[in-house]
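Notes to accompany the following structure.
FYI, it's all coordinate maths here, none of it is from the lab. It should be emphasised that the depicted structure is a prediction, and the values quoted were computed from it without experimental measurement. Because the Cβ atoms are built from the backbone with ideal geometry, glycine has one as well, and the counts that use them run over all protein chains shown.
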Amino acid sequence: IREQRNLLDVLKEYGVQYYVSTNAVPSGNGCFKLSEPKVAGPRSPHMRATLCRPPAKFFRSGEFAVWVFDLQ
């Protein structure tokens, strides 16, 4: 995280198949802006990426939304 690398590159290196997010931000063009960690101060390092694929699953419960992306 300290190096602020591209989030998707890091997940790929670890062989992560599914990314589950409660803070993905739809950008309106079919893409999602991703940022980790979710809970960190504005001056804290973050890994960010833009993912342009539909979620495999989407859940909403009240004000909470969860996106599940298949990365492979």
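Helix-only mean residue ellipticity at 222 nm, the chain, DSSP H runs n ≥ 4 weighted -39,500 (n - 2.57), per residue, nearest 500. What is it? Before the final figure, lay out the partial values.
Working: 1 runs with 7 residues, N = 72.
Computed ellipticity for the chain at 222 nm equals -2500 deg cm²/dmol.
Given an 8 Å cut-off on Cα distances and at least 6 residues of separation, report the relative contact order of the chain as a percent. Kindly include the intermediate steps, with their values, before the conclusion.
On the way: 112 pairs, mean separation 27.5, N = 72.
Relative contact order, the chain: 38 percent.
What aspartates and glutamates sit close enough to Lys12 to cross-link, taking a C-alpha to C-alpha distance under 13 Å and skipping anything fewer than 8 places away on the same chain?
Result set, ordered by chain and number: Asp70.
Working out 0.36 nm times the residue gap between Gln17 and Lys38, then minus their Cα-Cα distance, what length gain in nm do you get to one decimal? Present the calculation step by step, with values, prior to reporting the outcome.
On the way: separation 21, 0.36 × 21 = 7.56 nm, distance 1.95 nm.
That works out to 5.6 nm of additional length.
Compute a Gaussian network model of the chain, connecting alpha carbons closer than 10 Å, and tell me which residue from Ser27, Ser61, Ser35 fluctuates the most.
Comparing Ser27, Ser61, Ser35 in the GNM, the peak value goes to Ser61.
Of the chain, which part is the longest with no trypsin sites (Lys or Arg not before Pro) in a loop (DSSP not H, G, I, E, B) and with at most 14 other C-beta atoms within 10 angstrom?
Counting only loop sites that pass the neighbour cut-off, the longest clear stretch is 6-37.
So between Arg53 and Asp9, what do we pick up on full extension, going 0.36 nm a residue minus the alpha carbon distance?
Numbers: separation 44, 0.36 × 44 = 15.84 nm, distance 1.55 nm.
Contour length minus the Cα-Cα distance gives 14.3 nm.
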